[in-house]
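Read through the structure below, which is laid out as structure tokens, and then see the notes.
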Amino acid sequence: MRRFFKNPLNLISLAIFTLILTMGFFPDLFTSYDPYEMNIEEMLAPPSLKHIFGTDQFGRDLFARVVYGLKKSILVAFFSMVIACAIGSAVGITSAYFGGKYDIFVMRIIDAFFSFPPLILALFIVAFFGTGMLKLIMSISIVYTPIFARTVRSFTLPLRDVNYVLAAKSIGRRDASIILFHILPNILPMIMVTFTMNFSTAFLTEATLGFLGFGVPPPEPSLGGLIGEGRNYFLGAPWVMIYPGLVVAMMVFSVNMITDSLQELMNPRK
Amino acid sequence: MISYIIRRLILAIPTVILVTLFTFIMIHLVPGDVVDLMTGTQNYLTQEQLRELYRSLGLDKPLMIQYFSWIYNLLKMDMGISLRTGEKVLKMILERIPVTFELAVFSITIAVLIGIPLGMLSGVRRGSKVDIIARIFGLAGLSAPTFWVGAILIVLVSRAFPKFKIFGYTPFFENPISNLSSILLPSLTLGLLISSQVMRITRASVVEILAQEFIRVARSKGLPEKMVVWKHVFRNSAIPVLTTAGIQFGYLLGGTVVIENIFSIPGIGRLVFEAVSKRDYPTVLGSVLFITATIVILNIIVDVIYTFVDPRVRLE
């Protein structure tokens, strides 16, 4: 742990991550502008001291809109990962633990999912379900469930035949309790790393879907929704897309940097 | 080898069927079909006319029958007709393949040219300044949204060279020079992003290989470091890079949706996007089939190439 904090890059990433999270959940601490207040006189004003990110096509302060939009994006990414992780882990663990036909059946379905680019899959699902926060969460979680299932299955496989699991079986403990009390605690740290890694990509997916026009729709857009709205103006007013995109990139970068460093430190071979 | 390829292709059939079936069911589960979309909110059609419309589009039959007739027609090389443009789906897909193919080839070339040397350098000089910069570059590429990098490039180029035609696409045989200039920025965007992943994989495998016995042997017998790196590290680290090529291709296809969208390039990615947004079912199904088949076939090709690079690997 000490080695983690020795690296300045990790510290910076942690700081960025905390800052963005705080911004997302306490937006009024960071801006005094109302994200919905339109101002015709200041339409698409470039970044200045008054509006550090500039203004959008309705003269609304872009920084305020980004800060208020962050929460939605974080919530979308977080809850879709919670759902995907819960269902995916349940499927992954049981599939590895019980094996047999059930395992083969599950793996076939997962393979089918994997023969498809995740972004296009997300696009399909969200386009058919329609936009809106809940639908977006549902769509992103469907895309990520097979990823969790496959990863968690690979974590569980080596544990199926270890002595303490065999011992628990031989004294007649029920499968459910073996899974809950013997297998799950052992793979929990690895599941958490997988969760964080996928959280950052889910955040990216949300923004990209927004760019393609499937974000949380106005008037209370997520970051993705903001980017989608700004799209039509970005040639004349680049800031409407560049700054929200920058915030997305910084958020994802800081999470990736943290997980990457943790993995590097945890890997004894390197 | 040939029997291996045939076996893999046969094994892939259930996957492809599952994917198309899944898409098919999903399309029909969702409320609002193409007829609703065609008629809009102001629906002046009588019940009789509506029924006729459904019948002419083949949407009145049970779901399973519709799916089987789609498969049946597919075997006759008929993917149906786009509900949006009235063109044949197969023709639309075939027209757009070369565009996306060109984009893919250029992007991957850029990605490999940047990613592999950078990954080697960073892996060999682990912990150095080069390594730190390369690692940041790698993570940044992983974190930056595709559309964002594209937007930045567009803004920069349009400011620096106001005359440069950024959007649109010119076919190669129409005008090779403007073809290349129209594909330059899109492939640079995608290539940069993929290069970061190529770099990360190369670095990881270089680090792994440098720790192995035969490297220590090579060094201890007095082989110059340059030879160690070229003869032993380079060749061995190519394997994991190749293995992930299949996965990268999936990422690439996802990336083309965004890139073709932002640069207005008429490729497969844009076709998919438009079909999905307009609920053009036959085109959606056709492109789903095309994408899945491409990825499946590419994975097989990667596995075959694998045996050439690494003689230890045998196809079973």
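At a glance:
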item: Subset of segment B:74-97 that is loosely packed, with under 14 Cβ neighbours inside 10 Å and either of a type in the set (A, V, I, L, M) or part of a helix (DSSP H, G or I) (or both) - its residue that is farthest from the chain's Cα centre (by Cα); result: B:LEU75
item: Yes/no for B:LEU180 being in contact (Cβ under 8 Å) with a residue 40 or more places away in the chain, within 24 Å of B:VAL105 (Cα to Cα) and of a type in the set (A, V, I, L, M, F, W, C); result: no
item: First in segment B:145-163 and over 21 Å from A:THR205 (Cα atoms) and within 10 Å of chain A (Cβ to nearest Cβ), second anywhere and part of a helix (DSSP H, G or I) and among the hydrophobic types (A, V, I, L, M, F, W, C), Cβ under 9 Å, 6 or more apart; result: B:ILE154/B:LEU185; B:ILE154/B:ILE262; B:VAL155/A:MET241; B:VAL155/A:ILE242
item: Hey, B:ALA151 among the hydrophobic types (A, V, I, L, M, F, W, C), surrounded by 20 or more Cβ atoms within 10 Å (Cβ to Cβ), assigned to a helix (DSSP H, G or I) and in contact with a Leu (Cβ under 6 Å, 6 or more places away or on another chain) or not; result: no
item: Lone qualifier among B:PHE173, B:PHE214 - being more than 14 Å from chain A (Cβ to nearest Cβ), over 23 Å from B:PRO266 (Cβ atoms) and more than 20 Å from the chain's Cα centre (by Cα); result: B:PHE214
item: So B:VAL206, is it crowded, with 17+ Cβ neighbours inside 10 Å and more than 17 Å from B:THR109 (Cβ to Cβ); result: yes
item: Index of the failed condition, A:ILE93 passing every other in (1) facing chain B (nearest Cβ under 8 Å); (2) in contact (Cβ under 8 Å) with a residue 40 or more places away in the chain; (3) not basic (Lys, Arg); result: (1)
item: Test: residue in segment B:77-87 that is more than 19 Å from B:LEU188 (Cα to Cα) and modelled with pLDDT of 85 or more; result: yes
item: Failed condition for B:PHE308, given (1) among the hydrophobic types (A, V, I, L, M, F, W, C); (2) out of contact with any helix residue (DSSP H, G or I) (no Cβ under 6 Å at 6 or more places or on another chain); (3) modelled with pLDDT of 80 or more; result: (3)
item: Given (1) over 24 Å from A:LEU226 (Cβ atoms); (2) modelled with pLDDT of 90 or more; (3) surrounded by fewer than 15 Cβ atoms within 10 Å (Cβ to Cβ), number of the condition A:GLY99 does not satisfy; result: (2)
item: Residue check, B:MET227 free of Cβ contacts under 8 Å to residues at least 12 places away in the same chain, out of contact with any His (no Cβ under 7 Å at 6 or more places or on another chain) and in a helix (DSSP H, G or I); result: yes
item: Residue within segment A:230-250 that is over 30 Å from A:SER48 (Cβ atoms), facing chain B (nearest Cβ under 10 Å) and either surrounded by 14 or more Cβ atoms within 10 Å (Cβ to Cβ) or at pLDDT below 85 (or both) present; result: no
item: Flag if B:ALA293 is outside any loop (DSSP other than H, G, I, E, B) and within 30 Å of B:ASN236 (Cα to Cα); result: yes
item: Selected residue (criterion: farthest from the other protein chains (Cβ to nearest Cβ)) from residues of segment B:271-284 that are surrounded by 22 or more Cβ atoms within 10 Å (Cβ to Cβ), touching a residue at least 24 places away in the same chain (Cβ under 8 Å) and in a helix (DSSP H, G or I); result: B:PRO282
item: Residues satisfying the stated conditions in segment B:156-190, i.e. out of contact with any Leu (no Cβ under 8 Å at 6 or more places or on another chain) and surrounded by 19 or more Cβ atoms within 10 Å (Cβ to Cβ); result: B:TYR169, B:SER182
item: Set A:PHE203, A:PHE195: member being in a helix (DSSP H, G or I) and within 13 Å of chain B (Cβ to nearest Cβ); result: A:PHE203
item: Among (1) acidic (Asp, Glu); (2) facing chain B (nearest Cβ under 7 Å); (3) surrounded by fewer than 19 Cβ atoms within 10 Å (Cβ to Cβ), the one test that A:ASP260 misses; result: (3)
item: Wholly enclosed helices (runs of 4 or more DSSP H) of segment A:1-106 bearing at least 3 residues more than 23 Å from the chain's Cα centre (by Cα); result: A:2-6, A:62-98
item: Candidates B:ALA134, B:ALA204 - the one that is closer than 18 Å to B:ILE114 by Cβ and within 12 Å of chain A (Cβ to nearest Cβ); result: B:ALA204
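The values are calculated or read from the model by the stated rules, or taken from the named source; none is laboratory data. The shown structure was predicted, so the numbers you read here are calculated from the model rather than taken from an experiment. When we count neighbours, we look across all protein chains shown, and the Cβ atoms used for this are built from the backbone with ideal geometry, even at glycine.
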